[in-house]
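The values are calculated or read from the model by the stated rules, or taken from the named source; none is laboratory data. The structure presented is a predicted model; accordingly, all values stated were derived computationally and were not measured. Don't worry about glycine lacking a Cβ; one is built from the backbone with ideal geometry, like all the others, and counts go over all protein chains shown. What goes into the accessible areas is simple: the full protein's heavy atoms, side chains included, and nothing from ligands, DNA or RNA. Shrake-Rupley method; radii C 1.70, N 1.55, O 1.52, S 1.80 Å.
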Amino acid sequence: MAALLTVLLLVGACSTGTDEVPEPVIASTTTVAPAAGTAGVATTTGEAAQITVPTTQAPADTGPRRGGTLRVLLAADPTPITGWTPWDHVCAWSCRNVLDHVVETLMVVLPDGTVVPWLAESVSVDASLQRWTVKLRPGITFTDGEPLDAITVKTGIDDYLRSGRASGGHLRDARITSIIVDDELTLTFELSEPNAGLPAALAGPVGRVFSVVAAEADPDIFARAPVGTGPFVFRRWSAGEPAVLQANPDYWRTGADGSTLPWAAEIVFTEIPDERDRLASLLDGRGDVLMSRSAELATAVATATDTGGRSLTAIQRHDDNAGVVLFNLLRAPLDDIRVRRALIAAADQEQLISALGPDVDSLPATQWWSPGSIWHSAEVAEAWPTHDAERARSLLREYVEDPERSDDRDPGEPVRIRILCTDDLALMRMTAGLERQWEATDLVDVDVETVARTGLISRVMGSVVQSPSFAGDFGATCWRVGGESDPGVLASAAVGPIRTTPLNVSNFTGEHLGALASLIKSTADGDDRRDAVAQFSAALANEAPYVYLSYASSVIAASADVGGLGRTTLPDGDVIEGQRLGVGRYDEVWLRRE
């Protein structure tokens with residue numbers, strides 16, 4: 001039930017790393033005005049792009065420089081950071097910018113969704129997909145001098161993560177029943193059922209590896225300054241104050257040229273909740289790097305210049321998370337697929353996205369995964385229906401004239417749809433536009449009800465006392481779908497049995513989608529697994545459960561004084577570019593200034 005815990009704790013479209021699940025309410029948008037200056041060239045998605053301004057030139061790049069203090073400006077996490085233990089403290093996007101540099105994971109997820117070994121040297125599985133063998137890299141030590149070995153990993157999971165408030169559910173979702181130490185550097189994970197997504201779980205809270213010796217010695221100190229294997233160590237932090245990390249001189253990873261990491265001597269992470277203030281701080285020299293999950297800020301960064309007339313380096317990504325208007329398939333008339341398909345056809349997606357933010361570089365969604373993901377299906381994207389008013393009227397007319405129509409209204413009467421949404425101004429503009437589009441068919445009457453976010457989540461999720469349990473109290477609602485987790489986890493949570501799966505908020509019934517979700521979890525081969533995900537996406541689209549809006553966006557941006565943004569050298573020497581969900585890696589970032 002880690003997925004449910006995440007939704008209840010992180011109100012407002014949140015993520016806790018690779019344990020993310022289908023998300024609640026579409027996040028608020030904030031209009032951010034760029035600073036005055038010459039507009040540059042738009043950034044590319046998923047890779048660093050220098051925005052060139054023909055005025056002042058950036059400093060000559062003579063290659064990486066060692067030393068200096070890197071100042072990173074963070075957004076506010078949905079759950080305030082009160083500590084850093086992987087087992088009791090929820091760690092969302094801003095938290096992960098800090099913690100990933102101290103307490104590393106066995107695996108990592110790359111920007112395109114590929115999962116690769118990190119502290120693990122290799123991961124293999126038997127034919128049953130229930131016995132996974134993880135071999136650790138030799139010669140790695142924690143920053144307290146203790147060695148990284150198999151018994152430490154097992155003890156951390158069994159004694160801390162398994163019972164943790166923030167991690168215990170993730171162990172259960174991963175179906176890990178026991179861990180066997182085979183030798184000093186090798187473990188076997190035994191699962192209760194096949195789970196091809198275990199590597200992705202080991203890139204999240206389940207896979208965080210920490211010094212058990214330090215955790216046992218002083219739990220209070222560890223909560224404020226955890227000990228891991230990362231490129232930095234905590235120097236000081238207290239709740240509500242910047243987190244200051246200093247370089248780990250004995251860090252195990254190297255750059256592509258064999259140089260020791262990290263480059264910066266120190267990182268100061270400062271939380272600035274307001275998007276405007278965060279961008280202004282970067283532009284006037286009070287910070288070196290910022291992160292954001294705001295599409296507006298990503299757009300503003302592309303045209304902003306600092307006080308010296310220099311442009312920014314930015315890495316923008318459309319994340320695997322889509323805003324939708326979601327239908328309750330148990331609520332008439334939305335229980336009839338003719339009505340759902342008609343409402344999708346009547347909706348003008350581009351106009352609705354524009355209403356959410358007319359100046360935002362938003363990518364229309366067609367499925368859970370964005371085009372930059374290995375799980376995105378071009379065939380599903382091409383097949384997703386476009387705006388077609390005549391088709392909408394034809395389907396609606398067929399339904400309203402049906403004497404057996406499910407809403408018990410008289411033949412010929414318009415259908416009535418109630419949209420439940422929050423009082424966010426951007427969402428109110430969007431729902432007003434959708435109301436006009438649906439009512440333009442002359443066969444739909446629309447009511448829009450606005451509630452607070454917590455109230456919306458309660459209404460949509462429903463409760464165990466309903467019949468059926470967790471059926472929800474809504475017809476259509478503003479929501480988010482998709483997420484950063486393994487596709488098998490996301491699919492199982494979204495289409496499981498209604499009575500026992502609170503995150504099946506669409507209330508899907510039948511066995512077909514559930515069988516495809518199980519196929520994803522039981523298919524390990526890369527190409528076959530991508531085919532299974534594509535089958536699931538196509539079958540989901542065929543159910544017409546949503547009006548898709550746009551993908552969420554994230555960005556990391558840096559001043560002209562910063563080099564190496566978005567670059568990561570993997571342990572095997574491969575170099576990758578990009579970022580996920582505004583979470584950056586800064587051990588290969590350097591400062592050009594003295």
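Miscellaneous remarks
- Within segment 252-261, considering residues that are among the hydroxyl-bearing types (Ser, Thr, Tyr) and more than 28 Å from the chain's Cα centre (by Cα), the one least open to solvent (accessible area, probe 1.4 Å): Ser259
- Qualifying residue in segment 218-232 (condition: open to solvent by less than 30 Å² (accessible area, probe 1.4 Å), assigned to a helix (DSSP H, G or I) and in contact (Cβ under 8 Å) with a residue 40 or more places away in the chain): yes
- Considering residues of segment 438-477 that are closer than 15 Å to Arg331 by Cα and assigned to a helix (DSSP H, G or I) only, the residue modelled with the lowest pLDDT: Met461
- Search result, residues across segment 517-538 that are touching a helix residue (DSSP H, G or I) at 6+ places or on another chain (Cβ under 6 Å) and surrounded by fewer than 19 Cβ atoms within 10 Å (Cβ to Cβ): Gln535, Ala538
- Scanning segment 233-247 for residues that are assigned to a loop (DSSP other than H, G, I, E, B) and either of a type in the set (A, V, I, L, M) or under 9 Å from Val102 (Cα atoms) (or both) gives a single hit, Ala239.
- Residue among Asn504, Asn542 that is surrounded by fewer than 24 Cβ atoms within 10 Å (Cβ to Cβ) and more than 26 Å from Ser128 (Cβ to Cβ): Asn542
- When segment 435-492 is limited to residues that are without any contact (Cβ under 8 Å) to a residue 24 or more places away in the chain and open to solvent by less than 50 Å² (accessible area, probe 1.4 Å), the one that is farthest from Ala389 (Cα to Cα) turns out to be Ser463.
- Among residues that are open to solvent by 10 Å² or more (accessible area, probe 1.4 Å), in contact (Cβ under 8 Å) with a residue 12 or more places away in the chain, touching a helix residue (DSSP H, G or I) at 6+ places or on another chain (Cβ under 9 Å) and not aliphatic (A, V, I, L, M), Ser550 is included.
- Residue in segment 262-273 that is open to solvent by 30 Å² or more (accessible area, probe 1.4 Å), without any contact (Cβ under 8 Å) to a residue 24 or more places away in the chain and within 23 Å of Ala92 (Cβ to Cβ) present: no
Okay, residues lined up against (1) farther than 14 Å from Arg208 by Cα; (2) at pLDDT below 95; (3) of a type in the set (Phe, Trp, Tyr):
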residue	(1), (2), (3)
Leu148	no, no, no
Val153	no, no, no
Gly164	no, yes, no
Ser167	no, yes, no
Ile180	yes, no, no
Asp183	yes, no, no
Thr186	yes, no, no
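- One residue stands out in segment 342-364 among those that are at pLDDT 95 or above and touching a Gly at 6+ places or on another chain (Cβ under 7 Å): the one that is surrounded by the fewest Cβ atoms within 10 Å (Cβ to Cβ), namely Gln351.
- Only strands (runs of 3 or more DSSP E) whose full extent lies in segment 76-188 are considered here, and the ones with at least 1 residues that are in contact with a helix residue (DSSP H, G or I) (Cβ under 7 Å, 6 or more places away or on another chain), of a type outside the set (A, V, I, L, M) and open to solvent by less than 30 Å² (accessible area, probe 1.4 Å) are 131-136.
Okay, residues lined up against (1) assigned to a loop (DSSP other than H, G, I, E, B); (2) in contact with an Asp or Glu (Cβ under 8 Å, 6 or more places away or on another chain); (3) open to solvent by less than 10 Å² (accessible area, probe 1.4 Å):
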site	(1), (2), (3)
Trp368	yes, yes, yes
Trp375	yes, yes, no
Thr386	yes, no, no
Tyr399	no, yes, yes
Arg409	yes, no, no
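- Of the set (1) among the β-branched types (Val, Ile, Thr); (2) within 25 Å of Arg418 (Cβ to Cβ); (3) surrounded by fewer than 24 Cβ atoms within 10 Å (Cβ to Cβ), all apply to Val339 but (3).
- Filtered residues of segment 237-251 (kept if modelled with pLDDT of 95 or more and either within 12 Å of Thr141 (Cβ to Cβ) or exposed (fewer than 13 other Cβ atoms within 10 Å of the Cβ) (or both)): Asn248, Pro249, Asp250, Tyr251
- All positions within segment 304-332 that are in contact with a helix residue (DSSP H, G or I) (Cβ under 6 Å, 6 or more places away or on another chain) and in a strand (DSSP E or B): Ala314, Gln316, Phe327
- Selection status of Gly207, among the small types (Gly, Ala, Ser) and modelled with pLDDT of 95 or more: yes
- Selected residue (criterion: farthest from Ser518 (Cα to Cα)) from residues of segment 189-206 that are open to solvent by 10 Å² or more (accessible area, probe 1.4 Å), part of a helix (DSSP H, G or I) and touching a Phe, Trp or Tyr at 6+ places or on another chain (Cβ under 9 Å): Pro205
- Sole exception among (1) modelled with pLDDT of 95 or more; (2) within 15 Å of the chain's Cα centre (by Cα) for Trp93, by number: (1)
- Residue count for segment 208-217 under the criterion of being in contact with a helix residue (DSSP H, G or I) (Cβ under 7 Å, 6 or more places away or on another chain) and assigned to a helix (DSSP H, G or I): the result is 3.
Each row is one residue, and each column tells you yes or no for (1) more than 25 Å from Ser370 (Cβ to Cβ); (2) not aliphatic (A, V, I, L, M).
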site: Ala432; (1), (2): yes, no
site: Arg436; (1), (2): yes, yes
site: Thr441; (1), (2): yes, yes
site: Gly488; (1), (2): no, yes
site: Ile498; (1), (2): yes, no
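- Qualifying residue in segment 413-426 (condition: of a type in the set (A, V, I, L, M, F, W, C), touching a Cys at 6+ places or on another chain (Cβ under 8 Å) and farther than 20 Å from Pro545 by Cα): no
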